[in-house]
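Working notes for the structure below.
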Amino acid sequence: MTIPNPVYSTRICRYGTEALREAALLIRAGEPVAVPTETVYGLAADATDDSAVAAIYSAKGRPSFNPLIVHVADQEMAERLAVFSPVADRLAARFWPGALTMVLPVREGSGLSSLVTAGLPTVALRLPAHPAMRALIRESHRPLAAPSANRSGAISPTRAEHVLASLNGKVRLILDEGPTSEGLESTIVAPEEDRIRLLRPGPVTAAMLKDASGLPVVVGAEKARIEAPGQLESHYAPSKPVRLNALRAEKDEYLIGFGLMPCNLNLSPDADVQEAAANLFAALHVADASAASHIAVAPIPDEGIGVAINDRLRRAAA
Ligand code: TXA
Ligand code: MG
């Protein structure tokens with residue numbers, strides 16, 4: 001089956017009452033809308049509508065075996081869609097609203113499109129903190145499936161202009177609420193009875209998860225099947241070769257720095273990993289658009305959110 005590929009004239013609208021109303025109308029009509037969250041901009045559509053979800057896949061050019069994260073506005077909505085264990089309850093109490101996604105068993109009669117789960121018996125749920133995303137869920141009365149609002153495999157968007165550059169003509173409306181605060185996609189976990197499996201590192205670190213749950217945190221999927229295809233080797237990738245752990249720029253390289261050092265663009269002159277996370281994707285976008293043919297990135301400490309930064313950088317370089 002081929003999905004028709006409409007061409008739109010894409011508009012960026014500042015987030016506010018008017019823009020929100022229009023966005024909710026589009027959602028109710030089964031169309032995707034780009035909307036900010038505290039992590040990255042998402043391409044949101046009604047998670048209960050097969051053709052709306054198919055429109056996300058087609059706008060992104062995303063392989064359809066990749067399941068999507070479903071965003072909810074409150075705990076009640078979350079529990080209509082998935083079954084919460086005591087461990088999941090504890091993590092929700094501590095980290096929601098926020099940058100944590102939990103993979104949980106789908107509740108029978110949830111109404112979720114099977115395209116959103118890619119046919120899995122589980123669903124990835126997140127209750128975001130960003131007012132725009134939460135208002136859009138409320139206003140449209142729908143759980144919203146939302147992957148990052150970029151062409152599949154490309155760098156994730158942390159500003160409305162990034163979305164426009166990647167999806168121009170593929171989406172009608174981009175809600176603009178400035179740069180995102182976290183800058184990296186949410187942490188994804190599968191809570192189990194006696195441990196937490198970390199499927200994608202993100203702003204909520206392994207240490208925070210362990211502290212909140214009292215359980216060990218193990219890294220990665222238990223099965224060979226790709227449980228978080230955000231973990232496909234090449235992902236978050238600029239169009240240029242990327243060299244990691246660079247201390248200085250070689251010929252034709254655009255150097256992204258960290259801490260005090262000569263470079264083209266510094267993620268955090270104060271060597272603050274949180275600030276570096278917020279600036280990472282914007283820096284990769286700038287480097288990708290620069291005249292240099294290659295990109296180099298300084299070493300980033302592998303601690304706190306630095307673990308997630310290094311995860312994204314390895315994929316950018318793969
Ligand atoms: O911060 C974020 O999480 C952003 C914003 C927009 O919320 N969203 C995002 O979504 O990164 P996306 O679709 O790019 O990433 C979805 C990830 C993929 O790695 C996917 O494989 C995983 O979630 N996932 C979704 N459903 C899953 C499931 N049932 N089991 C395991 N992994 C799942
Ligand atoms: Mg993505």
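The values are calculated or read from the model by the stated rules, or taken from the named source; none is laboratory data. Since we're looking at a predicted model, the values are computed, not measured. Don't worry about glycine lacking a Cβ; one is built from the backbone with ideal geometry, like all the others, and counts go over all protein chains shown. When the accessible area is computed, the model is the full protein with side chains, heavy atoms only, and any ligands, DNA or RNA have been set aside. Shrake-Rupley method; radii C 1.70, N 1.55, O 1.52, S 1.80 Å.
Couple of notes before you dig in:
- Residues within region 175-189 that are touching a Leu at 6+ places or on another chain (Cβ under 6 Å) and more than 16 Å from ligand 2 (Cβ to nearest atom), tallied: 1
- All of 105, 86 fail the test of being over 23 Å from residue 203 (Cα atoms) and not β-branched (Val, Ile, Thr), apart from 105.
- Residues in region 243-254 that are over 25 Å from the mean Cα position of the chain (by Cα) and either open to solvent by 50 Å² or more (accessible area, probe 1.4 Å) or closer than 16 Å to residue 279 by Cβ (or both): 247, 248, 249, 250, 251, 252, 254.
- Looking across region 44-58, just one residue is part of a helix (DSSP H, G or I), open to solvent by less than 10 Å² (accessible area, probe 1.4 Å) and small (Gly, Ala, Ser), and that is 52.
- Candidates 18, 38: the one that is under 16 Å from the mean Cα position of the chain (by Cα) and either surrounded by fewer than 22 Cβ atoms within 10 Å (Cβ to Cβ) or without any contact (Cβ under 8 Å) to a residue 24 or more places away in the chain (or both) is 38.
- Whichever residue in region 146-160 is of a type outside the set (Gly, Ala, Ser) and over 18 Å from residue 23 (Cβ atoms) and, among such residues, is nearest to ligand 2 (Cβ to nearest atom): 150
- Among the residues of region 161-175, the ones that are crowded, with 22+ Cβ neighbours inside 10 Å and either of a type in the set (S, T, N, Q) or more than 15 Å from the chain's Cα centre (by Cα) (or both) come to 6 in all.
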